[in-house]
1. With the structure loaded, tell me whether Ala61 is over 18 Å from the mean Cα position of the chain (by Cα), in a strand (DSSP E or B) and either farther than 20 Å from Leu24 by Cβ or hydrophobic (A, V, I, L, M, F, W, C) (or both) or whether it fails that test.
2. Checking Gly37 against (1) in contact with an Asp or Glu (Cβ under 6 Å, 6 or more places away or on another chain); (2) of a type in the set (Gly, Ala, Ser); (3) on the phi > 0 side of the Ramachandran plot, which single condition isn't satisfied?
3. Please give the number of the condition Trp78 fails out of (1) modelled with pLDDT of 95 or more; (2) outside any strand (DSSP E or B).
4. Return the only residue of Lys52, Lys106, Lys76 being free of Cβ contacts under 8 Å to residues at least 24 places away in the same chain and either surrounded by 14 or more Cβ atoms within 10 Å (Cβ to Cβ) or among the basic types (Lys, Arg) (or both).
5. Out of all the residues in region 5-32, which are without any contact (Cβ under 8 Å) to a residue 60 or more places away in the chain, outside any strand (DSSP E or B) and in contact with a Leu (Cβ under 9 Å, 6 or more places away or on another chain)?
6. So in region 1-46, with the set limited to residues that are in contact with a Gly (Cβ under 9 Å, 6 or more places away or on another chain) and not acidic (Asp, Glu), which one is surrounded by the fewest Cβ atoms within 10 Å (Cβ to Cβ)?
Amino acid sequence: MTATPKWEFEKETTKNIEVVNVNLNRLKVDAIDLDCGMPVYLDATKEVDLSKVDVGEAYMATVKVYRAPITPQLEKQWMKTTKDNPELLKGIELMKNSGEAKPLYKFEIISLAPLTISS
């Protein structure tokens, strides 16, 4: 049996992002969060026309934020599926050894607007 996260809606917010990759078939956007410089992976609703999104451009994304606890079942599944990938395994081990059970987060784009960056 496959364990899946139990996503719960947390809030709606905005993120300033620079788009790195768009997957039209899976409705996924890989981006850099411009406020913290970290990668962020976003799902998109069907209402967002990703065909009009340009890689390398900056946008203000309105997103729904969901969170889910890391359960023992999820952790066990991760360990099983990453046993042949040392990099992923190392990441999971670091997360486990941090001493705190952090939740998982998922971001879903509900709208995008071009972002004008002042110099």
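1. Numbers: over 18 Å from the mean Cα position of the chain (by Cα): no; in a strand (DSSP E or B): yes; either farther than 20 Å from Leu24 by Cβ or hydrophobic (A, V, I, L, M, F, W, C) (or both): yes.
So Ala61 does not fit the description; no.
2. Among (1) in contact with an Asp or Glu (Cβ under 6 Å, 6 or more places away or on another chain); (2) of a type in the set (Gly, Ala, Ser); (3) on the phi > 0 side of the Ramachandran plot, Gly37 violates only (1).
3. (1)
4. Numbers: Lys106 fails: free of Cβ contacts under 8 Å to residues at least 24 places away in the same chain; Lys76 fails: free of Cβ contacts under 8 Å to residues at least 24 places away in the same chain.
None of the others qualify; the one that does is Lys52.
5. Those that are without any contact (Cβ under 8 Å) to a residue 60 or more places away in the chain, outside any strand (DSSP E or B) and in contact with a Leu (Cβ under 9 Å, 6 or more places away or on another chain): Leu24, Leu27.
6. Taking the candidates together, the pick is Val20.
The values are calculated or read from the model by the stated rules, or taken from the named source; none is laboratory data. Worth saying up front: this structure is predicted, and the values here are computed from it rather than measured. Positions of Cβ are generated from backbone atoms using ideal geometry, with glycine treated the same way; all protein chains shown enter the neighbour counts.
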